[in-house]
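Have a look at the structure below, then the notes.
The values are calculated or read from the model by the stated rules, or taken from the named source; none is laboratory data. In this text, all values refer to a predicted model and were calculated from it rather than measured experimentally. All Cβ positions, even for glycine, are placed from backbone atoms using ideal geometry, and neighbour counts span all protein chains on display.
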Amino acid sequence: MSALWEAIITNDPARGTKAFFPKGAYLQLKSIEDPSSDFSNRLLYDYSLDIHAAHALLGAGARRARLVRVEVPPGYAHWIPPNVCYNRVGYWETPNSRLIYREHRHLRSFGIASMISWRGVWYVVHLGAILRSGAEGVVDAPAAGPGVAEPSSTC
C-alpha cells in the first residue's frame, strides 16, 4: 500500500505497480480472448486514470498528505470460484477497503474498489471503479474522516 500511496501523492502511476495485480497472475486467471490486451488496455490503464484522479483530489498539497492506515473489512473477503466472472481459477477478493490519510491535520479517506489475493498477497485490481462509463479516473467514495466501507458484489 505504501507503493500505491507514493504513486498517488507523486501522480506517478508507475510507482504503484508493486501494489497492482501482476500481469502474469492475470494471464493465468482470465478465460477471455486476449487477457494480455485487457490487462494493459483496461485494467492497468484504468488504474493509472484512478491514480491521477486521487492525486487531483488531494490537490496542491498532495505530497504533504500522509497515509495513516488501510482498512480492509475482514467480513467482506469472499471466494470467487472458478468459471465465475470469466475466470478459469478461483481466488479471494475483497471489495471496498479504505485508504485513510491525514491532510492539513484533517483525517480523510477514499475507497479501493477491489483487491485480489494471489498466492497469499493482496493486490489492487480496481482502485476507483470496477465498471465505468468512460475513460476518466474515478475516486471511490471520498470522505471526511475514515468513511464507511459498504458491501458490494464485484462482477
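Some notes on this structure:
- So residue 97, is it farther than 21 Å from residue 136 by Cβ, in contact with a helix residue (DSSP H, G or I) (Cβ under 9 Å, 6 or more places away or on another chain) and among the small types (Gly, Ala, Ser): yes
- Qualifying residue in segment 75-87 (condition: surrounded by 15 or more Cβ atoms within 10 Å (Cβ to Cβ), out of contact with any Gly (no Cβ under 9 Å at 6 or more places or on another chain) and under 17 Å from residue 8 (Cα atoms)): no
- Taken as a whole, segment 123-144 holds no residue that is surrounded by fewer than 22 Cβ atoms within 10 Å (Cβ to Cβ), assigned to a strand (DSSP E or B), among the aromatic types (Phe, Trp, Tyr) and over 10 Å from the mean Cα position of the chain (by Cα).
- Test: residue 116 is β-branched (Val, Ile, Thr) and part of a helix (DSSP H, G or I): no
- Candidate set: segment 88-102, residues that are of a type in the set (D, E, K, R) and surrounded by fewer than 16 Cβ atoms within 10 Å (Cβ to Cβ); chosen: the one farthest from residue 144 (Cα to Cα): 88
- Looking across segment 27-38 at every residue that is in contact (Cβ under 8 Å) with a residue 24 or more places away in the chain and in contact with a strand residue (DSSP E or B) (Cβ under 8 Å, 6 or more places away or on another chain), the one that is farthest from residue 113 (Cα to Cα) is identified as 31.
- Subset tally (residues that are touching a residue at least 40 places away in the same chain (Cβ under 8 Å), of a type in the set (D, E, K, R) and surrounded by fewer than 17 Cβ atoms within 10 Å (Cβ to Cβ)) for segment 58-72: 2
- Within the option set 11, 41, being at pLDDT 95 or above, under 18 Å from the mean Cα position of the chain (by Cα), exposed (fewer than 13 other Cβ atoms within 10 Å of the Cβ) and farther than 17 Å from residue 141 by Cα holds for one residue only, 41.
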